[in-house]
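Nothing in this text is a laboratory measurement; each read-out follows from the coordinates by a stated rule. Since the structure is predicted, the reported quantities are computational estimates derived from the model, not experimental observations. Don't worry about glycine lacking a Cβ; one is built from the backbone with ideal geometry, like all the others, and counts go over all protein chains shown.
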Amino acid sequence: MPYPSLPPGTVAEIVCRYRRGESTPQIARALHLANSTVVSTLEREGVERRSRRDAWKVWMEVYLGPRCRCCGIILAKAGCGHHDGVCDDCWEGAAKRAGEWGCGIREAMERWIEEGRRAERGETELGEWRGNIKRRAE
């Protein structure tokens with residue numbers, strides 16, 4: 001005999017909770033369901049499952065808070081207000097560079113972030129990124 005289907009409200013709650021970042025075991029415990037029921041419901045609804053790496057990112061965001069896209073510090077712990085996902089210090093640095101480079105702050109921020117990625121890969125000298133990498137490690 002097949003199991004009865006879940007009510008539409010429960011299905012919608014499973015999908016909503018998963019998209020908000022909860023894991024399938026967390027959803028199963030909260031709704032008193034088997035983990036396999038949650039997983040099969042997500043598959044039946046066509047919800048793309050997260051990879052382990054993406055699940056880790058979601059966990060970090062939910063439990064530790066958002067990080068600065070530029071230097072990586074946890075914004076809540078830094079006590080910073082943030083602009084477009086960037087801490088105050090990095091926003092001021094981008095504003096300074098925007099004036100030097102003759103572009104908007106957001107464009108300067110993206111260029112600065114890309115410079116940092118190249119520096120971390122060893123493609124360029126660290127220069128001013130040394131301080132940001134040190135902050136990220138703290």
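With a Förster radius of 41 Å applied to the C-beta separation of Arg106 and Cys16, the computed FRET efficiency comes to 0.85. Peptides 44-57, 101-114 ranked from most to least packed give 101-114, 44-57, packing being the mean of other C-beta atoms within 10 angstrom over each peptide's residues.
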